[in-house]
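The values are calculated or read from the model by the stated rules, or taken from the named source; none is laboratory data. Because the structure is a prediction, the values reported are computed rather than measured. Backbone-built Cβ (ideal geometry, glycine too); neighbour counts: all protein chains shown.
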Amino acid sequence: MHYDQKDLLRLAKRYQNTKRSYLLVNPLQAKHLAVSPKKALAMMAELGKILYQNHPEAKLIIGFAETATAIALRAALNFPDDVYFLHTTREILSGDCLNFKEEHSHAVEQRLYLSGDLPQTEEIILIDDEISTGKTIRNMVSQIRQECPAYQNAKFIAASVINRVSEENLKLLEQENIFCEALCKLENLDYTSQISRFHVTEPEGIPFSEKMPYHCVISRNPLPECRTPHQLKEYREAYLSFMTSVLKELRPILAGKKKILVLGTEECMYPALFLGNTLEEFELSVRCHATTRSPIGICQDENYPIQQGCTLSGFYDSSRKTYIYNIKADQSAEAVLIVTDSKADTEKAMEQLCVLFPNADRILIKG
């Protein structure tokens with residue numbers, strides 16, 4: 001399937017970010033905007049088809065947090081069982097990690113827990129949602145080559161849904177044995193002037209009220225830790241086991257309901273899409289998106305994609321500020337499923353989400 005700019009690109013304004021004023025919002029990414037999980041996964045799978053067709057010998061695939069975690073894993077699942085996958089993270093885990101910077105981001109520091117029994121490979125695939133200059137990619141590759149001698153001469157494939165890298169920067173990447181693949185190649189435009197006409201405000205806070213009840217489903221089959229490397233066979237088996245466990249608990253709660261919203265939490269996006277897609281196969285009306293650490297300006301202009309936003313406590317750290325966008329259309333949902341891999345206390349975040357969806361059954365699914 002062919003995807004172009006009108007399918008994949010909306011322009012929003014970052015809130016109080018002096019490094020880059022605009023943000024590319026992909027309506028099919030299931031991050032900032034709600035979308036059918038089937039449509040989102042189809043786009044991600046299409047990138048995976050291109051990558052497997054052109055780079056079938058790659059044995060290591062790395063996704064970028066936060067927004068590309070689901071894209072990267074779904075694309076990776078086009079590859080055989082023995083390929084390894086993980087994504088970068090802004091969370092702190094035990095063990096050694098590589099540190100690099102995503103310099104234009106709201107949260108600059110990125111970590112890569114690339115350790116353990118890693119494969120021998122002449123090609124490594126890096127997957128992001130959008131690549132604009134290639135600087136983050138070059139930072140990351142430099143760290144990998146410095147810390148992992150076995151990959152010193154490896155060819156790196158910088159893959160993305162959208163690629164806006166200029167010819168000059170493409171040459172810089174190629175000089176470092178880094179080559180690009182993308183679903184959609186766009187001109188290297190600065191969208192600052194296009195976005196400057198929008199006057200934006202900060203996402204609004206959610207007042208705490210009396211505690212509202214919600215269901216809690218804890219999977220007997222935990223989600224895999226995507227922030228450390230595992231073979232794709234482990235991911236496939238783990239997600240099927242997770243789904244079997246969760247659906248058994250959800251069936252009586254969802255009985256008779258037709259409109260479902262499934263929310264991921266920050267870096268945990270793919271499990272929400274996987275669950276949402278399964279529910280769509282039962283002929284339910286399902287929409288999916290996720291909470292995010294990215295502050296985006298709010299504007300009521302009909303040509304602006306983010307018209308409502310709320311500030312939430314983080315699911316991984318209650319003192320962290322996170323966001324959820326454009327939920328007015330979701331408030332008619334009969335059930336809201338929140339899928340998380342957080343091991344932290346999620347009570348504060350759930351209290352706030354319950355306020356946003358007072359008329360729905362609310363179900364926290366912990367994997």
State all residues of segment 30-47 that are farther than 15 Å from Ala72 by Cα and either acidic (Asp, Glu) or surrounded by fewer than 23 Cβ atoms within 10 Å (Cβ to Cβ) (or both); if no residue qualifies, say none.
Leu33, Val35, Ser36, Lys38, Lys39
Suppose we filter segment 57-90 for residues that are outside any strand (DSSP E or B), touching an Asp or Glu at 6+ places or on another chain (Cβ under 9 Å) and more than 14 Å from Asp128 (Cβ to Cβ); how many remain?
5
All but one of (1) touching a residue at least 24 places away in the same chain (Cβ under 8 Å); (2) under 21 Å from Thr322 (Cβ atoms); (3) touching a strand residue (DSSP E or B) at 6+ places or on another chain (Cβ under 8 Å); (4) not β-branched (Val, Ile, Thr) hold for Glu57, so report the exception by its number.
(2)
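Matching residues to (1) under 29 Å from Lys13 (Cβ atoms); (2) at pLDDT 95 or above; (3) of a type in the set (Asp, Glu); (4) in contact with a helix residue (DSSP H, G or I) (Cβ under 6 Å, 6 or more places away or on another chain):
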position: Glu280; (1), (2), (3), (4): no, yes, yes, yes
position: Thr292; (1), (2), (3), (4): yes, yes, no, no
position: Gly297; (1), (2), (3), (4): yes, yes, no, no
position: Tyr304; (1), (2), (3), (4): yes, yes, no, no
position: Tyr323; (1), (2), (3), (4): yes, yes, no, no
position: Gln331; (1), (2), (3), (4): yes, no, no, no
position: Glu334; (1), (2), (3), (4): no, yes, yes, no
position: Asp341; (1), (2), (3), (4): no, yes, yes, no
position: Leu353; (1), (2), (3), (4): yes, no, no, no
Here are some conditions: (1) outside the structural domain of Leu51 (by TED's automatic domain parsing); (2) over 24 Å from the mean Cα position of the chain (by Cα). Ser166 meets all but one. Which one does it not meet?
(1)
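Is it true that Cys288 is hydrophobic (A, V, I, L, M, F, W, C), touching a Pro at 6+ places or on another chain (Cβ under 7 Å), crowded, with 20+ Cβ neighbours inside 10 Å and not in a helix (DSSP H, G or I)?
Numbers: hydrophobic (A, V, I, L, M, F, W, C): yes; touching a Pro at 6+ places or on another chain (Cβ under 7 Å): yes; crowded, with 20+ Cβ neighbours inside 10 Å: yes; not in a helix (DSSP H, G or I): yes.
Spelling it out, Cys288 is indeed hydrophobic (A, V, I, L, M, F, W, C), touching a Pro at 6+ places or on another chain (Cβ under 7 Å), crowded, with 20+ Cβ neighbours inside 10 Å and not in a helix (DSSP H, G or I).
If you take just the strands (runs of 3 or more DSSP E) that sit entirely in segment 108-212, which of them hold at least 1 residues that are charged (D, E, K, R) and crowded, with 17+ Cβ neighbours inside 10 Å? Don't jump to the end; show me each part of the working.
Values: elements: 109-112, 123-131, 155-163, 178-185.
Here the list reads 109-112, 123-131, 178-185.
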Hits in segment 48-81 (condition: surrounded by fewer than 19 Cβ atoms within 10 Å (Cβ to Cβ) and touching a Lys or Arg at 6+ places or on another chain (Cβ under 7 Å))
Asp81
Somewhere in segment 9-32, is a residue of a type in the set (Ser, Thr, Tyr) and either touching a His at 6+ places or on another chain (Cβ under 6 Å) or modelled with pLDDT of 95 or more (or both)?
no
Checked against (1) over 22 Å from the mean Cα position of the chain (by Cα); (2) more than 12 Å from Phe100 (Cα to Cα), Thr133 satisfies every condition except (1)
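Here is a check on your reading of the model: is Phe64 of a type in the set (Phe, Trp, Tyr), in contact with a Phe, Trp or Tyr (Cβ under 9 Å, 6 or more places away or on another chain) and closer than 17 Å to Leu126 by Cα? Walk me through it before giving the result.
On the way: of a type in the set (Phe, Trp, Tyr): yes; in contact with a Phe, Trp or Tyr (Cβ under 9 Å, 6 or more places away or on another chain): no; closer than 17 Å to Leu126 by Cα: yes.
Judged against the criteria, Phe64 is not a match.
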